[in-house]
Amino acid sequence: MTRIAILCPSRGRPERFSEMLKTAMATAHDPNNVSVMLLVDRDDPRLADYVNAQTPRVTLIVQDPRVSCPAALDILAKQSDADLLIAGSDDIAFRTPGWDRTLAHRFLTAFPDRLGFAFFNDGRDRDKAEHFAVSKEWVKAVGYFMRPEYEHFCADEHVERIARAVNRRLWLAEIELEHLHFKYGKAAKDATYAEKRTEDEAGRSVSQRDNLRLARFGAEIAEAGDRVRAAIAEARQEMAA
């Protein structure tokens with residue numbers, strides 16, 4: 001039995017969160033092995049609606065003060081006891097029946113030591129890592145699920161670069177987590193999207209600031225790769241014993 005947790009920060013979108021949850025559970029082969037960890041800001045004007053949207057499969061964490069989306073995902077990952085952790089969001093929909101069984105089978109077949117990075121088809125049939133899954137062993141080896149220093153962008157690419165460095169990157173083309181984002185014409189540009197697309201006093205966007213952070217994290221990404229390699233070597237020794 002492989003327990004899977006969908007990690008999901010959300011703000012101002014209880015209906016979109018509920019729809020994501022509905023698709024995840026409706027398409028899962030065994031919903032009892034799937035949980036959702038939801039993080040909502042205490043100052044969210046829709047907080048009461050999130051509280052009302054809870055189900056036995058959802059753990060709600062109310063965060064105060066507000067943190068970035070990457071920081072929220074890292075908080076959730078470190079509070080989960082699941083075997084596999086999905087970087088989720090409230091603007092995805094699970095489209096593949098039995099996605100949980102396929103994920104567990106493909107992940108554990110590719111990475112018997114559980115040290116790997118797998119990412120999903122975002123509905124556009126392209127080899128691009130947006131929403132991904134890693135194991136608790138990966139988080140332990142790397143030291144984080146995502147770096148909390150990022151404001152919004154590049155945090156997933158940071159993790160993907162670690163996976164590339166150690167040749168532990170797997171595209172799950174057959175599992176569709178459709179990204180219903182306004183930039184793909186699949187949603188309206190609401191206040192949550194707009195907040196991440198502003199500029200500072202120097203005229204730099206959030207994306208530009210995060211790309212600068214990614215460039216500065218080159219040494220850390222290399223060091224994280226070394227930590228994963230050490231964990232892989234240790235796991236091989238244990239499996240051979």
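The values are calculated or read from the model by the stated rules, or taken from the named source; none is laboratory data. Here the structure is a predicted model, which is why all the values come from computation and not from measurement. Glycine also receives a Cβ, built like all others from the backbone with ideal geometry; neighbour counts cover every protein chain displayed. Keep in mind that these areas ignore ligands, DNA and RNA; they rest on the heavy atoms of the full protein, side chains included. Shrake-Rupley method; radii C 1.70, N 1.55, O 1.52, S 1.80 Å.
Mind grabbing the accessible area of T192 for me, 1.4 Å probe, Å², rounded to tens?
40 Å²
So for the stretch 42-157, averaging the separation of alpha carbon pairs under 8 Å that are six or more residues apart and normalising by length, what relative contact order in percent results?
34 percent
Round to a whole number: what % of the accessible area of the stretch 10-161 belongs to carbon and sulfur, probe 1.4 Å? Numbers along the way, then the final one.
Details: 2980 of 6130 Å².
Of all accessible area on the stretch 10-161, carbon and sulfur atoms account for 49 percent.
Can you give the local net charge around G123? Use residues other than it whose beta-carbon is closer than 15 angstrom to its beta-carbon, Lys and Arg +1, Asp and Glu -1.
Overall, the nearby charge balance is -3.
Among the listed pairs K136/K196; K22/K186; K78/K136; K128/K183; K78/K140, which are separated by more than 20 Å between their Cα atoms?
K136/K196
Determine how many Å³ per residue the convex hull of the Cα atoms of the stretch 144-241 encloses.
130 Å³
For Cα extents along the principal axes in Å, several values are listed as [x] 55, 45, 34; [y] 52, 47, 38; [z] 60, 38, 36; flag the one computed from this structure.
Label of the calculated value: [x].
What is the sum of charges, Lys and Arg at +1 and Asp and Glu at -1, for the other residues whose Cβ falls under 14 Å from the Cβ of L170?
+2
Counting Lys +1, Arg +1, Asp -1, Glu -1, what net charge surrounds L108 among other residues with beta carbon under 12 Å of its beta carbon? Display every interim value, and only then the final one.
On the way: positive: R101, R106, R114; negative: D83, D113, E137.
Local net charge: 0.
Take every Cα-Cα pair in the stretch 149-201 and report what % of them are more than 13 Å apart.
Working: 1013 of 1378 pairs.
More than 13 Å apart: 74 percent of the Cα pairs in the stretch 149-201.
Using the heavy atoms of the protein chains and a 1.4 angstrom probe, tell me the accessible area per residue for the chain in square angstrom.
Solvent-accessible surface per residue comes out at 46 Å².
Among DSSP beta bridges lying fully in the chain, give the percent that are antiparallel, nearest 5.
Details: 10 of 32 bridges.
Just about 30 percent of them are antiparallel.
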